[in-house]
Every structure is written in structure tokens, then in C-alpha cells.
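Read the figures in this text as sums done on the coordinates, not as results from a lab. Worth saying up front: this structure is predicted, and the values here are computed from it rather than measured. Note that we place each Cβ from the backbone using ideal geometry, even for glycine, and neighbour counts take in every protein chain shown.
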Amino acid sequence: MQQIDYSSYFWQNDLIRLRAMTAEDWEQSYLNMFDSDARRVLQYEIELPPTINGEKKAIEQFCEFNPASKRLMFSIENKQNELVGALNINSINERNGTFSIGMQIDRNCRSKGYGTAAMKKLLQYAFYERRLNKYNGSVLEGNIASLKMLEKLGVQIEGTRRQNVFTNGKYTNEILVGLTKEDFENKFPR
């Protein structure tokens, strides 16, 4: 295949490039399943022990933006073409213009700006290409790293669901966050 020219490619910025998840991504996803702390703050629970076949099947359902999965799943690569994580846009409500995003950055790739860069690119897509208006999300109380990242993007805390999530033997508050297209444009003028 001919060398790809990324010079005017939308799905990248200075730090990352987003691509469709492929079946070959199963191994990295499987390895991330052993980061229980990260999985707890992503899924709000401890999942059952992973299996290779289970992870292969899970990844397969998201490959190549399968519409049946109800989410657009991306793999995140750094500019050296190394896989550093994954993110997805989900819960899209076209009528109300709302959506959510889920993301996990590989343990050895955190605190390098990859998550912020990937999330910013997906927000640009949601607001400027899909005509969506509002990102809605939540984080568990105590998930300081995710809150800091979201604040860099202009996301605001909108409320707290008290003792809403049971994990790690206790009820934990769920912090509700949101970002409108207008807020995003004010933070990052085009």
C-alpha cells in the first residue's frame, strides 16, 4: 500500500491520531483489563476476570465502527503509531443533541496529554460534524485525574448524585459533568 499522507487528516492533532478499532487491538484491551483501579473508575465496578476469547469477542463487536454496537469506538495512537488507549462516543441522542464519551489510557501512557488530546478531537467531531450540542458525563468522587483532564477541556461540574454508586465496599458519590458546544467554542475558538 502507498504511504498515507496525514498532513490534512482531521482525526489527529499534535499528540495523537484516532483510528477505527481493529480486531488486532484485542491484546492491548485484554492487558488493560488487569488494571482494576482504572477499570473501576471507568465502569464503576470490578468486572469478572477477563478471558482472551471474551476480550476478542468484545473488541470484534466494536471493530470498524459497527453500528450495532451503539457506539463509535476509536483506538488512540501517539505520533509514533503506538497504541496508547481507546475512547468512544456513546449514548448519542440526536433529538436532544446529547452524548457521552468513555476512555481508557494505558497505564504506562498516562499523564502525557494523550487523553486530553483525544477527548478534544472527539468533542470537535461531535460538535462540528455531528451537530451535537452537549456532552454529559460523570466521574466517581475521588477520580481527581479525570476531573482535572475534563476541566482542561472546559467541562463543568453540574451536580452530584450522592451515594449513587456502590463499589469497593461503600457507596460513592457520582459527580455529574457537562460541556455545551458554546462552552467548547469559547474555550477553543476556531
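If you filter the stretch 3-99 for GluC sites (Glu not before Pro), then keep DSSP loop positions with at most 15 other Cβ within 10 Å, what is left?
On the way: sites: Glu24, Glu27, Glu45, Glu47, Glu55, Glu60, Glu64, Glu77, Glu82, Glu94; in loops: Glu45, Glu47, Glu82, Glu94.
When the GluC sites (Glu not before Pro) of the stretch 3-99 are filtered for loop state and at most 15 Cβ neighbours within 10 Å, Glu45, Glu47, Glu82, Glu94 remain.
If r is the Cβ-Cβ distance from Gln61 to Val41 and R0 is 22 Å, what FRET efficiency results, to the nearest 0.05? Write down the numbers at each step before the final one.
Values: r = 23 Å, r/R0 = 1.04.
In this case the efficiency is close to 0.45.
Using only helices, what value at 222 nm comes out for the chain when you add -39,500 (n - 2.57) per DSSP H run of length 4 or more and divide by the total residues, to the nearest 500 deg cm²/dmol? If you can, show how the numbers build up before the last one.
Working: 6 runs with 57 residues, N = 190.
The helix-only estimate for the chain comes to -8500 deg cm²/dmol at 222 nm.
Post the alpha-carbon centroid distance, the stretch 1-76 to the stretch 145-190, in whole angstrom.
Cα centroid to Cα centroid, the span is 22 Å.
Two-decimal Rg/Rh of the stretch 97-189 from alpha-carbon positions, Kirkwood Rh? Provide the component values of the computation, followed by the final result.
On the way: Rg = 13.9 Å, Rh = 14.0 Å.
A ratio of 0.99.
How large is the convex hull of the Cα atoms of the chain per residue, expressed in Å³ as a whole number? If you can, show how the numbers build up before the last one.
Numbers: hull volume 25.6 nm³, N = 190.
So the per-residue Cα hull volume is 135 Å³.
Only Cα pairs under 8 Å and at least 6 apart count here; give the relative contact order of the stretch 13-84 as a rounded whole percent. Could the numbers behind the result be given before it?
Details: 81 pairs, mean separation 33.7, N = 72.
Across the stretch 13-84, relative contact order equals 47 percent.
Using Cα-Cα distances under 8 Å and only pairs 6 or more residues apart, what relative contact order does the stretch 16-187 have, in percent? Working shown, then result.
On the way: 282 pairs, mean separation 32.1, N = 172.
Taking the mean separation of contacting Cα pairs over the length of the stretch 16-187, I get 19 percent.
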